[in-house]
Amino acid sequence: MKLNWSDVTPHRMFLDRRKFMAASVAGLSVAGLALAGRAGAQSAGTMTGAPSPLSTDQTPNTFEEITNYNNFYEFGTGKEDPARNAHALTTDPWAVEIGGLVERPGSYGVEDLAPDNALEERIYRLRCVEAWSMVIPWIGVPLAGVLDKVGVQPGAKYVEFETLVRPEEMVGQRRAILDWPYREGLRLDEAMNPLTILATGLYDQPMPNQNGAPIRLVVPWKYGFKSIKSVVRITLTDREPVNTWKQLQASEYGFYANVNPEVNHPRWSQATHRVIGAGLFGGREETQMFNGYGEQVASMYAGMDLSVNY
Ligand code: MTE
């Protein structure tokens, strides 16, 4: 049996290492900071991301929890289906087609978009629309940097994302559970927000297939369905993109999907959520507006009625 990261590294050590890294970055000279900028590194199956002030200091879920309780309908609708089936996905080679209203359209490799020297660790809360949550230590790069690299044309207002279609390897795609490919979108200002990342790893490991290898979006103030996995296409457009869950049931899932305890899902309350890993009885928490990231994102929605734009 193959050992997982968490089998060999106690959770405590992960946290202590993180504190140590944060402390050493804080104590560095200006010359040292240039080095710290290159702190991200990948070797022999491990990755390191430079610590970020945007990380929460909440305790992350275990690697087991994060990789065994998933939504990834391309591999089935059960929470344990992705862990069982996603190993079949070939993630190398991989290309992301970037096009639409950009200066430098083309086919980009994962290492072009998220080079080792740019990797950051972002420990974020993830709040699923189904009213459960986790804390996940992602490794990735700000999407803004990627968009700057490809050059956004002045007419662009939205960013559209697509997951690959490969039913030979993705058993869930052999049935029309969703209208494949899985699609998502963000307004350009949301895409450029410093919290929005393209993640290529978690817990200092390359991204596990069930979590969206080799590269996925993470938007922590929105319901988890916005954080599209295994991305193969990014398109800049001037029109609001179609997103899969809204397309399936627009009365229940919107384009914005900002975490909002005051706007309930038609079939359940969004005021609280179940904390995965907290046990059957102890684990409910009050849901925070924008999943607790209001300070960084609320201004983007000033003047908008979020019960209409849910
Ligand atoms: N991306 C694709 N391509 N397919 C999916 O089914 N599910 C979404 C999102 N991204 C999904 C997806 C939902 S509903 C959630 S809650 C998150 O992925 C879950 O991410 P995680 O399994 O890494 O925790």
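Rank-order 120-126, 250-256, 299-305 by packing density, defined as the average count of other C-beta atoms within 10 Å over each peptide's residues, highest first.
Order by mean packing, descending: 120-126, 250-256, 299-305.
Carbon and sulfur atoms: what percent of the 1.4 Å accessible area of the chain do they account for?
Carbon and sulfur together cover 54 percent of it.
Nearest 20 debye, what's the magnitude of the dipole of the chain about its Cα centre given +1 on Lys and Arg Cβ and -1 on Asp and Glu Cβ?
280 debye
More than 29 angstrom separation, counting every C-alpha pair in the chain; what % is that?
34 percent
For residue 222, list long-range residues whose amide hydrogen, built 1.01 Å from N in the peptide plane, is under 5 Å from its own amide hydrogen.
Those lying under 5 Å, H to H, from residue 222 are 259.
Any idea what the relative contact order of segment 195-310 is, in percent, if you count C-alpha pairs under 8 Å spaced at least 6 apart?
The value is 20 percent.
Separation of segment 66-143 and segment 240-304 by C-alpha centroid, Å?
One Cα centre to the other: 20 Å.
Ranked from highest to lowest mean number of other Cβ atoms within 10 Å per residue, what is the order of the peptides 187-196, 138-147?
Taking the mean over residues of other Cβ atoms within 10 Å, the ranking is 138-147, 187-196.
Output wanted: per-residue J couplings in Hz (rounded whole) for segment 193-206, from phi through Karplus 6.51 cos²θ - 1.76 cosθ + 1.60, θ = phi - 60°, x for Gly and Pro.
4, x, 6, 7, 10, 9, 9, 10, x, 7, 6, 6, 10, x
Using only helices, what value at 222 nm comes out for the chain when you add -39,500 (n - 2.57) per DSSP H run of length 4 or more and divide by the total residues, to the nearest 500 deg cm²/dmol?
Dividing the helical sum by the residues of the chain leaves -5000 deg cm²/dmol.
Once amide H atoms are built 1.01 Å from N in the peptide plane, which residues 5 or more positions from residue 94, or in another chain, come under 5 Å H to H?
HN-HN under 5 Å from residue 94: 110.
Hey, what's segment 5-301 come to in accessible area per residue, 1.4 Å probe, Å²?
For segment 5-301, the solvent-accessible area averages 43 Å² per residue.
The values are calculated or read from the model by the stated rules, or taken from the named source; none is laboratory data. What you are looking at is a predicted structure, and each value in this text was computed from that prediction instead of being measured. In this analysis, Cβ positions are derived from the backbone assuming ideal geometry, glycine residues included, and neighbour counts consider all displayed protein chains. Surface areas here come from the heavy atoms of the whole protein model, side chains and all, with no ligands, DNA or RNA. Shrake-Rupley method; radii C 1.70, N 1.55, O 1.52, S 1.80 Å.
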